[in-house]
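Let me begin by presenting the structure, written as C-alpha cells, before commenting on it.
No value in this document is a laboratory result; all are computed from the given coordinates. Small disclaimer: the values here were computed from a predicted structure and weren't measured. Here Cβ is always computed from backbone atoms with ideal geometry, including for glycine, and neighbour counts include all displayed protein chains.
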Amino acid sequence: MTRGGRALAGLLALVLPAGGALVWQEAHRQVPLHQEGVVRDVRGALVAVPTGATGPGGPTHLALTGPPEDRWLEVSLLAARAARDQVRSAGGWQPSPDHPHGAMARAALRDLHTLTGPEGTTPGAVLAGASPAWRFVWPRDASFVAAALARTGHEEDALEVLLHLQDLQAPDGSFQARYRPDGSGEVPDGRLPQEDGPGWALWAVRVLAEEAGEDPGGDPSVLLADLVTRSAARLLDRVDPRTGLPRPSPDYWERPEERLTLGVAATALMGLEAAAALAEDGRVPPEAWAAARVDPQALGPAAAELRARIVEAFGPHYPRHVGGRPDAAVTFLLPPFVEEPVAGAETARQRAQRQQARPAGGMAPGAGWRRDGISWTPQTALQALAARGAGRHEEADRWLDWLDRHRTATGALPEKVLHDGSPAAVAPLAWTAALVLLAVERR
C-alpha cells in the first residue's frame, strides 16, 4: 500500500464519524486525485485520463499520436480495441441492466482488463494502478484480480495472471512486496518481502480451480502446481514451532514488523486451508508435492492447528497485534477467504467498525491507522465482501452503495476518499475493483 507524506495542517479536532462513535481526528489531510481513470491508446499502452478531461459520458478526448493524415487510422484502431474489449467483458458474467451495482461492476471489470498486461508489460502482469508509483505488480493485488476474473467467468485471463505470479515466485516460495511488470522479477525498491503473498496466491488458485471445474482444456491446478506446492512449503516452513504461529513479517500495511500481525496469521491460514483442499481434490500431481517436500496429507491437520492457535492468541477481538487494536484483516478470517468463519471473527468485525470509521463514511485499514480523515476503498470493500459471505446482504449493499457514490467521473474506483467525500489518489485501484466484483451479488 503506497502512502504519501503527511501533509497535515491544524490541530486535533473532535469529529463524529458515521456510526456515532466519538474519536479524536487529526486535521483533515488533503490528497489530490491523480487521474479520473485510465484507458489504452492505439498501441495498448496505458493513458491516464486527467482530472477535468471528462464529461457526463466519460472522457471527452484522447490525444492521438500520429501525423494528421494517419489519425483516421488511429481512431479506427481505437474503435476496434473498444469493440474487442466489449466482447471480452461480455464473455463472462454480466450484471442485469437493472442491477443496482451493475454499472460499477462493469466499470470495475473494464478497469481490471485495462490494467492487466498493457503494452510494455508481460502478459498477466497486473498493475496496481495507473500512476507511476503504482505501476508495479503486487502479489496481493494480482491474486485478488485473478480471483475476481475467475468468479466473473474469465478463467483464461485469471490463469494468465497466476502463471505470471508463478514465474515471479522465488524457489523457496517467497514473494517480494512488489515487482516490475516486465517479467524480469526485479523489485523497484528496498521494501521487505511480505509473507502474506503465498497465502493470497493459494487462495486465488483455489478460487480458479472451483470456477474452472472439469475444464477439458486442462486443470489450472496442474498448470499452477509449482505455485501451489512452493507456497504451501513456504507457509509450513514459516510456522514457529514454539508458538504454532507464523513468524513476524510485513503485511498489507507494508511496514516493518517485529510482532506477528493478524494479516500474516490469517493469510497463512487461508493459504494452508486452500492447499489442503487442492490436495484433497487430487488436483496437484503427487510428484509436485514430493519435489517441494510437502506431505499433502499433513496440510489439513496443519491448517486446523493454525486455526486453533489463531483463536487462542488473537481471539475473541482479533486485533492487529495480540493485545492491540482492531484491524481490517479480521475480514481475512471469514468467507470467502476461508471455508468456515473463524470462531468469533464475524462479531469482532462488526464490533471494530466504529473504531475504523472515517468522516466520509468509509473505513481505515485499522484503528491504529493515522486519523487524517481519509477512507480507504479496499478496506471498505473488504467489509462488503465479508458481509456478503456472512449472509448480511443489506449491509453488503450499503457498503457497495457507498463505494458507488464515490467513484470518479469515468466511473473508476479510487484508492482513497477524503473527509468531504472527494475521490483521491490513484484511480482506478485494481485491488478495490477486484473486491467490488467479488462482493457484487450475482443476480
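Details
- A simple count of charges around residue 321, restricted to other residues whose Cβ falls under 9 Å of its Cβ and scoring Lys, Arg +1 and Asp, Glu -1, yields +1.
- Binning the alpha carbon pair distances of region 252-321 at 5 angstrom intervals from zero yields the distribution 3, 15, 23, 18, 15, 12, 10, 4, 0, expressed in whole percent.
- Each residue, residue 322 and residue 298, gets one label point 7 Å from its Cα in the Cβ direction; the gap between the two is 2.3 nm.
- Calculated FRET efficiency for the pair residue 119/residue 311, C-beta based, R₀ 45 Å, to 0.05: 0.40
- Per-residue 3J(HN,Hα) values for region 157-172, derived from phi via the Karplus relation 6.51 cos²θ - 1.76 cosθ + 1.60 with θ = phi - 60°, read 5, 4, 4, 4, 4, 6, 5, 5, 4, 4, 5, 7, 5, 6, x, 7 Hz in sequence order (x marks Gly and Pro).
- Remark: the residue 192-residue 30 segment gains 55.5 nm on full extension, using 0.36 nm per residue and subtracting the alpha carbon distance.
- Stretchable slack from residue 370 to residue 156, in nm (0.36 nm times residue separation minus alpha-carbon distance): 73.0 nm
- Packing order of peptides 192-199, 138-145, highest average first: 138-145, 192-199 (average count of other Cβ atoms within 10 Å over each peptide's residues).
- Leading residue at positive end of dipole, region 318-443 (Cβ point charges), from 329, 344, 369: 369
- By average C-beta atoms within 10 angstrom, highest first, the peptides 430-437, 393-400, 264-271: 430-437, 264-271, 393-400
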